[in-house]
Amino acid sequence: MTATSIDAARAQTLLREKFGFATFRPGQEAVIAQLLAGHSALAVFPTGSGKSLCYQLPALLLEGLTVVVSPLIALMKDQVDFLLAHGISAARLDSSVSREVFDEIQSALRTRSLKLLYVAPERFANERFLAQLKTLRIDLLVIDEAHCISEWGHNFRPDYLKLARYAQELKVGRVLTLTATATPAVAQDICRAFAIAPEAHVHTGFYRPNLFLRVTACASQERLGVLIGRLKSRPVGPTIVYVTLQKSAETVAAALAAAGFTAEAYHAGMEAEVREAVQNRFMASDRAIVVATIAFGMGIDKANIRAVYHYNLPKSVENYAQEIGRAGRDGAPSHCEILAAAEDLTVLENFTYGDTPTAEALRDFLKELLANRTAGEVFDISSYELSGRHDIRQLVVSTALTYLELDGLIAATAPFYTTYQWKFLRAPAEILARFDAERRAFLERLFGLAKVGRVWNSVVLADAVTALGGDRERVVKALTFLEEKGDLELQVAGVRQGYRVVRVPEDLAAVWHELRRRFAVRESSDIARVAAVAALVGGEGCLVRRLLAYFGEEHGRDCGHCGLCAGDARAVLERATGGLSISAGELRTLRSEHSRALGGARQLARFLCGIASPALSTAKLTRHPRFGAAGEVPFAEVMAATKVALA
């Protein structure tokens, strides 16, 4: 018997005895076979089709550690809870774990008793974490939501770009990349980054015969009535209604509740405890409706979702495929409908235009970061502060920093916090009495440096370190020790990321031009993605067939069961046209009154289209009566008009 057949037999046994399944789902066995043969792989499986088993099972057959990179804390928690319930040693390292749990994880890593470790991609920005991983045998690196690697994917995340380099540095045995949505171009990017052979790219197909897909064109003011009518006409069942804006989630949920439905809002602006309670009620109900932004649904394992409505157009075709994939996982018929209004196209485009920094902002950002630095110099930044100073959104700041890292100009060292806060759980005198004279004096001085609030005491760590003799590590260790002993509750704030200058650029202007080019290409790519949504919802012919074609699948025939196949008319989206309702004189006055926030044509265009930016928020211009005055006019038209007005 060959080693391959032995591994296959052991995999079958584990599938049955550890995970409780009699057979593999489509694609799982092929992916697992590639990993056990020592090859890296890409698994493109629809939402809810069992991607996690593709690494959980091999992790038990491989000798070393399996590291799983996931962007979602809630998803990591669910996965770890599942594994622990099945007697599998697993843990997650994220910002929510306590010091006690953190220490337990470190101990398990040292003793090699941990099989799976879940981390967020941002964790790799910590040099100490990377140094620790280099001491371990990592047999498998798993990258969930792998489409985030591709700059041209629908959900690009800067930290994902560096994962291929980390895999090489850590001498990882093999890499498994997972995604539910990858176009051929994105899949090619992923395979190129991790040297995945064509035969190790396993794609099970997106076709779901139990989903009825429909597009209904309607004016924005008609949508709520159409939605209520649909919900009343269909059998009751768990339903998700996706919206673009947090405010829409609140207003639509309230309207549905007033109409007699069990409906609640869910969005990232809500407290974590409230979101969790909404999700738990939805999971336990057979009739609940959640009106949500795209924050809802990742990792939701509810098989009987009967309907998914897009109250607003989906952000991308990839998002649409992922979101409708949450319906009908039990195989029963389920309804998926887009209520398409042309105005949404402008909103989607404006999200993209808000991310592109001005040329001047990028120039000043680079000057602050790299001018007058020397090779080997260590510095630290706050992305929040950089964002505010240069009127560049924080995610875009992170993207720019990642580009500079990948170009070999800077290297991340470690994040640290500027402010420590504590709440005494025991009287200070009782705490101090336990220590010898030298330690007691040190703690007395530390406590005395704190700004005392009604509940919390706080110190700016750099100031405390200077006052106490320049030993940062001792201050942090002292506070951490007191927290571990139950003397106080500790909180940290003001995160800063450390960097080291690797190479001083010979021509900073050339770096600037390259950054501008990259962001311009990204903007064009994202606008093309909005155009793809418009083409999908407004196109002719079988909707399912066109959706599959977007992902490189040729279905070979019309589905026979989507709205268009059933006789619906093609949805026609026609955007209203109209010039600016603001004069050139008023634009020039606005610019002179708010030169920092509205100094250029792009900044003015963002203001008129209602696109927030750090500078607009700081200047409180998002409350200005003219903010969003041209919110329904395409950004390109507004930008052209502002350029003419300011010429």
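Values in this text are rule-based calculations from the coordinates and carry no lab data. None of the values given here were measured: they were computed from a predicted structure. Ideal geometry is used to build each Cβ from the backbone, glycine not excepted, and the neighbour counts take in all protein chains shown.
Sort the stretch 584-646 into rounded, prolate or oblate with this rule: let a ≥ b ≥ c be the square roots of the eigenvalues of the Cα gyration tensor; rounded if a/c is under 1.5, and if a/c is not under 1.5, prolate when a/b is larger than b/c, oblate otherwise. Oblate is the answer for the stretch 584-646, as a/c is 1.5 or above yet b/c matches or exceeds a/b.
Relative to one another, the C-alpha centroids of the stretch 61-113 and the stretch 466-520 are positioned 25 Å apart. Taking a straight Cα-Cα cut-off under 18 Å and skipping sequence neighbours fewer than 8 places away in the same chain, the aspartates and glutamates within cross-link reach of residue 302 are 78, 81, 264, 276, 286, 323, 330.
Between the residues 537, 255, 576, the greatest Cα displacement towards the positive end of the dipole of the chain, with unit charges on the Cβ of Lys, Arg, Asp and Glu, is found for 255.
Put the Cα centre of the stretch 266-325 next to the Cα centre of the stretch 185-253 and the gap is 10 Å. Given +1 at the Cβ of Lys and Arg, -1 at the Cβ of Asp and Glu and no other charges, the dipole of the chain around its Cα centre is 320 debye to the nearest 20.
Membrane-span-like helices in the chain (whole DSSP H runs, Cα extent of at least 24 Å along the helix axis, mean Kyte-Doolittle hydropathy of at least -1.0): 508-538.
Please report how far the C-alpha centroid of the stretch 602-628 lies from that of the stretch 326-374, rounded to the nearest whole angstrom. Between the Cα centres of the stretch 602-628 and the stretch 326-374 lies a distance of 17 Å. For the stretch 211-341, the gyration tensor built on C-alpha atoms gives a rounded shape. Its axis ratio a/c (a ≥ b ≥ c) stays under 1.5. Annotation for the stretch 533-621: GluC sites (Glu not before Pro) lying in DSSP loop with at most 12 further Cβ atoms inside 10 Å of their Cβ are 540, 554, 574. Pairs to check: 18/171; 115/171; 171/477; 423/485; 134/162; 423/451. Give those whose C-alpha atoms are more than 23 Å from each other in this structure. The answer is 18/171; 171/477.
Work from the charge dipole of the chain (Cβ charges, +1 for Lys and Arg, -1 for Asp and Glu, about the Cα centre) and give the residue of 442, 322, 74 farthest towards its positive end. Result: 442. Between 495, 480, 427, the Cα set farthest toward the positive side of the dipole of the stretch 416-499 (charges on each charged residue's Cβ, about the Cα centre) is that of 495. For volume of the Cα convex hull per residue in Å³, the candidate list reads [x] 165; [y] 194; [z] 153; the entry that matches the value derived from this model is [y]. With helices as the sole contributors, the chain gives -13500 deg cm²/dmol at 222 nm; each DSSP H run of n ≥ 4 counts as -39500 (n - 2.57), and the sum is divided by every residue.
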